[in-house]
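Take a look at the structure below.
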Amino acid sequence: MFAKAFRVKSNTAIKGSDRRKLRADVTTAFPTLGRDQVPALVPGKEELNVVKLYAHRGDAVTVYVCGGNPILFELEKNLYPTDLMLPGLVVPPAGLPQVQKGDLCAIALVGNRAPVAIGVAAVSTAEMLTSSLKGRGFSMLHTYRDHLWRSGDKSSPPSLAPLALDPPDLNEEKGSVQADPALQGDVRCLTLEGEDKANGEVQQQMCGEKSLSEASEDPSVRALNPDPTDSRSLKEQMDELLQRCFLHALKCQVKKADLPLLTSTLLGSHMFSCCPEGRQLDVKKSSYKKLSKFLQQMQQEQIIQVEELSRGVESIVAVDWKHPRITSFVIPEPSPTSQTIQEGSREQPYHPPDIKPLYCVPASMTLLFQESGHKKGSVLEGAEVRTIIINYAKKNDLVDADNKNLVKLDPILCDCILEKNEQHTVMKLPWDSLLTRCLERLQPAYQVTFPGQEPVMKKGKICPIDITVAQRASNKKVTVVRNLEAYGLDPYAVAAVLQQRCQASTTVSPAPGAKDGLQVQIQGNQVRHLSRLLLEDYQLPRKHIQGLEKAPKPGKKK
């Protein structure tokens, strides 16, 4: 389920009443948990977030995150533990459990009883034995190293010694499935084993899915995690990534004209975009914990100067671009897939559509265009309209003999472009005024062409991407973006990008008054982030975006 990237719809702190309800649901789902175990799993005071997301196949999933790590997820009103919840279980050696189709199961590797996957049994125990343990046995929901695991601190499963098994009962033949019943309600723990005759190595095959050893060799998986060959700790690697993105941003993106620059803007608009593809910059997972502490260190090294220009808001007011750390920094090769958005279950480069304005001939102007072979409803480009009008004027000898810049108006032109009060007063018009009036009287239309797709013609004017900043009852500002779909942008993917860049909560909801349309809402005034994303990253023309002027002034609190 989480083998591919998912789309985050919202990420909010859990309410007290919902926390109590979650505890009750956990107790019901896993009745054998002790009274002291449920509070440990769902703590009363620690930070607990509710993340609503869509898996790559479109499934709506609710994930409960404690301390940055997913602990439970809910799918179709069923509560499932993550692999981070199960390692502490005590599993008695009771042989192959009686598993029914649909039962929740935990998967462990030979030699370590710490579960590495959660799944649902696709067949019963009897059917497993009848098929000689061949075929698909489980539908996997969550595995070690999948995208749900990557959203946490990426810790590895602990090494838990396997419990003693009875060889006569459980190892009658090679390739057998060793299974133990778990103590958590309806959860079963199964160990998959198959002995390689050539070298005796143990191999794991997880019901038709990639084994973990194969997954670790997959470049697409390995790239999203810290270097497995790096002996440094995660904090040390994150410290190095933080400094790398900082220096890259100062050398390539931040200009003197940008100063003073909000420290939050430095992180959200510059440093995040300098993060290497497949890596995720997270200040909280560095030794600094906070951006302010990291910038204090950079200030001590005299790379930058930070000042509090307004209460509680820090800005970078000076940068020493001649500092050895900046001048010696080597800019990495740009990735061809750096400007990507998630669409469906895959990531692909976003290219803005080609939008061409068109004009439809209305009934009131058919006489003007019929000489050129056009009729009511004909669709024309602006250049075609100009050519038709020019040819019409020349063919009917309407160009003023004394002033070639003026065109005499015949009855047809008068009826097509003049107002009623102008019919007897306006006898001539300049070329530019004549052409402008003709275009204004035609019915608007447009053609949208996305890369690799056939052009699509639509009547009316294309609605621009609309950015508004609203003040809520709590006196907090929110930024709302509408009409992203018209430009081929997935609102959920845009919300996920903004959530990371702005470090603010985002939600996607139906847009009022728009049939099937969605809007993205971001906490705070995030127009500056949106401007960079739409204009620089997605390369959309400014004329198709309205509301960019609502960006906060430099140094002003959002």
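The values are calculated or read from the model by the stated rules, or taken from the named source; none is laboratory data. As the structure is a prediction and not an experimental result, all values here were calculated from the model. Note that each Cβ is placed from the backbone with ideal geometry, even for glycine, and that neighbours are counted across all protein chains shown. Quick note on the areas: whole protein, heavy atoms, side chains included, nothing else; ligands and nucleic acids left out. Shrake-Rupley method; radii C 1.70, N 1.55, O 1.52, S 1.80 Å.
Which members of region 416-439 meet the condition of being in a helix (DSSP H, G or I) and in contact (Cβ under 8 Å) with a residue 12 or more places away in the chain?
416, 417, 431, 434, 435, 437, 438, 439
Which residues, taken from region 249-287, are farther than 20 Å from residue 315 by Cβ and of a type in the set (Ser, Thr, Tyr)?
Passing the criteria: 286, 287.
If you take the residues of region 365-395 that are loosely packed, with under 14 Cβ neighbours inside 10 Å and of a type in the set (S, T, N, Q), which of them is nearest to residue 451 (Cα to Cα)?
Filtering region 365-395 for residues that are loosely packed, with under 14 Cβ neighbours inside 10 Å and of a type in the set (S, T, N, Q), the one nearest to residue 451 (Cα to Cα) comes out as 387.
Among the residues of region 522-533, what is the count of those that are touching a residue at least 40 places away in the same chain (Cβ under 8 Å) and open to solvent by less than 50 Å² (accessible area, probe 1.4 Å)?
Restricting attention to region 522-533, the residues satisfying the condition of being touching a residue at least 40 places away in the same chain (Cβ under 8 Å) are 522-530, 532.
Still in the list and also open to solvent by less than 50 Å² (accessible area, probe 1.4 Å): 522, 524-527, 529-530, 532.
Summing the residues that are touching a residue at least 40 places away in the same chain (Cβ under 8 Å) and open to solvent by less than 50 Å² (accessible area, probe 1.4 Å) in region 522-533 gives 8.
Kindly indicate the residue of region 542-558 that is among the charged types (D, E, K, R) and farther than 14 Å from residue 467 by Cα and also surrounded by the fewest Cβ atoms within 10 Å (Cβ to Cβ) among those meeting that condition. First the steps, then the outcome.
Step one: of region 542-558, the residues among the charged types (D, E, K, R) are 542-543, 549-550, 553, 556-558.
Still in the list and also farther than 14 Å from residue 467 by Cα: 553, 556-558.
Numbers: 553: 6, 556: 12, 557: 14, 558: 20.
The qualifying residue surrounded by the fewest Cβ atoms within 10 Å (Cβ to Cβ) is 553.
Rundown of residues vs (1) surrounded by fewer than 19 Cβ atoms within 10 Å (Cβ to Cβ); (2) outside the structural domain of residue 275 (by the TED database); (3) modelled with pLDDT of 90 or more, yes/no style:
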site	(1), (2), (3)
515	yes, yes, no
520	no, yes, yes
535	yes, yes, yes
540	no, yes, yes
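Taking only region 229-259 into account, find how many residues are surrounded by fewer than 17 Cβ atoms within 10 Å (Cβ to Cβ) and not in a helix (DSSP H, G or I).
Qualifying residue count, region 229-259: 8.
Within region 438-469, how many residues are modelled with pLDDT under 90 and small (Gly, Ala, Ser)?
1
Collect the residues in region 277-286 that are on the phi < 0 side of the Ramachandran plot, modelled with pLDDT under 80 and either of a type outside the set (Asp, Glu) or not assigned by the TED database to the domain that holds residue 243 (or both), keeping them in residue-number order.
Of region 277-286, the ones on the phi < 0 side of the Ramachandran plot are 277, 279-286.
With the extra rule that they be modelled with pLDDT under 80, the set shrinks to 277, 279-280.
Within region 277-286, 279, 280 meet the criteria.
When you check residue 296 against the structure, is it assigned to a loop (DSSP other than H, G, I, E, B) and modelled with pLDDT of 90 or more, yes or no?
No: the conditions fail for residue 296.
Going through 43, 70, 39 one at a time, which residue ends up being modelled with pLDDT of 80 or more, buried (at least 21 other Cβ atoms within 10 Å of the Cβ) and either under 24 Å from the mean Cα position of the chain (by Cα) or not β-branched (Val, Ile, Thr) (or both)?
70
With 493, 504 as the choices, which residue is open to solvent by 10 Å² or more (accessible area, probe 1.4 Å) and among the small types (Gly, Ala, Ser)? Steps first, answer last, please.
Numbers: 493 fails: open to solvent by 10 Å² or more (accessible area, probe 1.4 Å).
Checking each option against the conditions leaves just 504.
Are any of the residues in region 291-306 assigned by the TED database to the domain that holds residue 322, open to solvent by 70 Å² or more (accessible area, probe 1.4 Å) and within 26 Å of residue 527 (Cβ to Cβ)?
Checked against the condition, which is being assigned by the TED database to the domain that holds residue 322, open to solvent by 70 Å² or more (accessible area, probe 1.4 Å) and within 26 Å of residue 527 (Cβ to Cβ), region 291-306 yields no hits at all.
If a residue must be open to solvent by 40 Å² or more (accessible area, probe 1.4 Å), closer than 30 Å to residue 439 by Cα and out of contact with any helix residue (DSSP H, G or I) (no Cβ under 9 Å at 6 or more places or on another chain), how many such residues does region 461-481 contain?
The number of residues fulfilling the criteria is 1.
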